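Novice: Sharing a structure, written as C-alpha cells. Questions coming.
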Amino acid sequence: MSVTGPSPTIERTTRPSALLLALGFVTNFFDTLGIGSFAPTTAAFKARKSVPDELIPGTLNVGHSLPTVLEAAIFVTAIKVEPTTLGLLVAAAVVGGWIGAGIVTGWDRRKIQRGMALALLVTAGFIVLRMVRFFPRGGDSLGLEGAPLAVAVIGNFVFGALVTLGIGLYAPCMAMVSLLGMNPTAAFPIMMGSAACVMPMASVRFLRAGKFDRRAALGLTIGGVPGVLLAAFVVKSLPLEAVRVLVVVVITYTAVRLWLDSRSGGAAAVGQVDRTNGPG
C-alpha cells in the first residue's frame, strides 16, 4: 500500500504474516491473564527488527486497542466500583493519553528509543515488585474521595500519558489504588476502562501522524481478539510466575538494546525492515 506525504509509515502490503498474527494472539492472551501486552510486543518487534523503533509506540496503541476494549467489555461490567471514582480516573487517563500521544508523535528516533528503554525498565520494576508482593493488599473501599481521589486522578493522568510510550497502565494503576486503600478487585474496572479509553484516543493522533506500522498493527488486532476470548472464557487462569520471570528478563534485555542503539548512532540500521516481505 502506498503512503503519500511525509509519513514514516512503511509502504508495503498490509496483510499481516502468520508470525504477526501469532504475536497478537499470544500477547493479548497473556494480557487478559494479567501479564500485559505492551512490553512483550516491544521485545518481539525489537528482536525480529520487524518494526522501526520510532513506529513501535504507535503500533502498540493502534494494534492493541480493539483487544483491550474487548477485555474491558468482558470484565468491567462484572465488578462493582464507585461511579464517580471510575469516571474521574478514566477521564484523567484519557486526557493524559491524548496529550502524551501528541508529544510522542513529535519525537525523533533517538528520543523514542530512550523513552521506550526507560518505559520497559519501569515495567520490569513493577512486575518484580508485584512478584515479591511489595504492594499492600489494599482496603475494602470501592471508591475514593477528597485528597486520595485527587492523588488518584493525577496519577492516572500520568499513567495515561505513559501508555503512549509503551508503559502498560495495569500494574501502576493497581499499585496506586491499593496504596490509597481501595479493594484491589475494584481496580480492575478502573485500569481496564482507562486502558480501553486511552488507547483508541491516543491512536487517533498516531494515525493522523502516520507513526505506526499498518501491517504489524493489523496483525496484533486480528490475532489479539481470539487470544482475549480464549483467555477470558476458556483458560481463565494459569500459574504465571515463570512467565513473569521470563518477561522481566526479555524486556530488560530489550531496554538495554534500545538504549545502546540510541547511543551508537546505528539505530537507523537496526530499525530497518524488509519493505517487500516484512517479518517472517
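Every number here is computed from the coordinates shown, using simple stated rules; none is lab data. This structure is a prediction, so every number in the text was calculated from the model and none was measured. Glycine gets a Cβ as well: all are built from the backbone with ideal geometry, and neighbour counts include every protein chain shown.
Novice: Please go through segment 215-250 and give me each residue that is among the charged types (D, E, K, R) and more than 22 Å from Glu71 (Cα to Cα), ordered by number.
Specialist: Correct list: Arg215 only.
Novice: Would you call Gly63 in contact with a Phe, Trp or Tyr (Cβ under 6 Å, 6 or more places away or on another chain), buried (at least 19 other Cβ atoms within 10 Å of the Cβ), part of a helix (DSSP H, G or I) and touching a residue at least 40 places away in the same chain (Cβ under 8 Å)? Before the answer, list the steps.
Specialist: Values: in contact with a Phe, Trp or Tyr (Cβ under 6 Å, 6 or more places away or on another chain): no; buried (at least 19 other Cβ atoms within 10 Å of the Cβ): yes; part of a helix (DSSP H, G or I): yes; touching a residue at least 40 places away in the same chain (Cβ under 8 Å): yes.
Spelling it out, it is not the case that Gly63 is in contact with a Phe, Trp or Tyr (Cβ under 6 Å, 6 or more places away or on another chain), buried (at least 19 other Cβ atoms within 10 Å of the Cβ), part of a helix (DSSP H, G or I) and touching a residue at least 40 places away in the same chain (Cβ under 8 Å).
Novice: Which of the residues spanning segment 36-57 are part of a helix (DSSP H, G or I), among the hydrophobic types (A, V, I, L, M, F, W, C) and surrounded by 24 or more Cβ atoms within 10 Å (Cβ to Cβ)?
Specialist: Of all residues in segment 36-57, those part of a helix (DSSP H, G or I) come to 38-48, 53-57.
Of the ones still in play, those that are also among the hydrophobic types (A, V, I, L, M, F, W, C) are 38-39, 43-45, 47, 55-56.
Answer for segment 36-57, where residues must be part of a helix (DSSP H, G or I), among the hydrophobic types (A, V, I, L, M, F, W, C) and surrounded by 24 or more Cβ atoms within 10 Å (Cβ to Cβ): Phe38, Ala39, Phe45, Leu55, Ile56.
Novice: Test Phe126 against the criterion of being in a helix (DSSP H, G or I), under 28 Å from Ile222 (Cα atoms), in contact (Cβ under 8 Å) with a residue 24 or more places away in the chain and hydrophobic (A, V, I, L, M, F, W, C), and give yes or no.
Specialist: no
Novice: Let me ask another. Can you name every one of the helices (runs of 4 or more DSSP H) wholly within segment 152-252 that holds 1 or more residues which are of a type in the set (Gly, Ala, Ser), in contact (Cβ under 8 Å) with a residue 12 or more places away in the chain and more than 21 Å from Thr85 (Cβ to Cβ)?
Specialist: In segment 152-252, 184-209, 214-230 are the helices (runs of 4 or more DSSP H) which contain 1 or more residues that are of a type in the set (Gly, Ala, Ser), in contact (Cβ under 8 Å) with a residue 12 or more places away in the chain and more than 21 Å from Thr85 (Cβ to Cβ).
Novice: In the set Phe233, Phe188, which member is more than 23 Å from Gly160 (Cα to Cα) and of a type outside the set (Lys, Arg)?
Specialist: The match here is Phe233.
Novice: When segment 37-55 is examined, which residues are found to be in contact with a Ser or Thr (Cβ under 7 Å, 6 or more places away or on another chain) and farther than 18 Å from Arg15 by Cα?
Specialist: Ser37, Ala39, Pro40, Thr41, Thr42, Ala43, Lys46
Novice: Which ones in segment 220-249 are of a type in the set (Gly, Ala, Ser) and surrounded by 15 or more Cβ atoms within 10 Å (Cβ to Cβ)?
Specialist: Correct list: Gly223, Gly224, Gly227, Ala231, Ala232.
Novice: How about segment 137-151: which of its residues are in contact (Cβ under 8 Å) with a residue 12 or more places away in the chain and part of a helix (DSSP H, G or I)?
Specialist: Pro148, Leu149, Val151 - these are the residues of segment 137-151 that are in contact (Cβ under 8 Å) with a residue 12 or more places away in the chain and part of a helix (DSSP H, G or I).
Novice: If you check Arg133, Arg110, which single one turns out to be assigned to a loop (DSSP other than H, G, I, E, B) and surrounded by fewer than 21 Cβ atoms within 10 Å (Cβ to Cβ)?
Specialist: Only one candidate passes the filter, namely Arg133.
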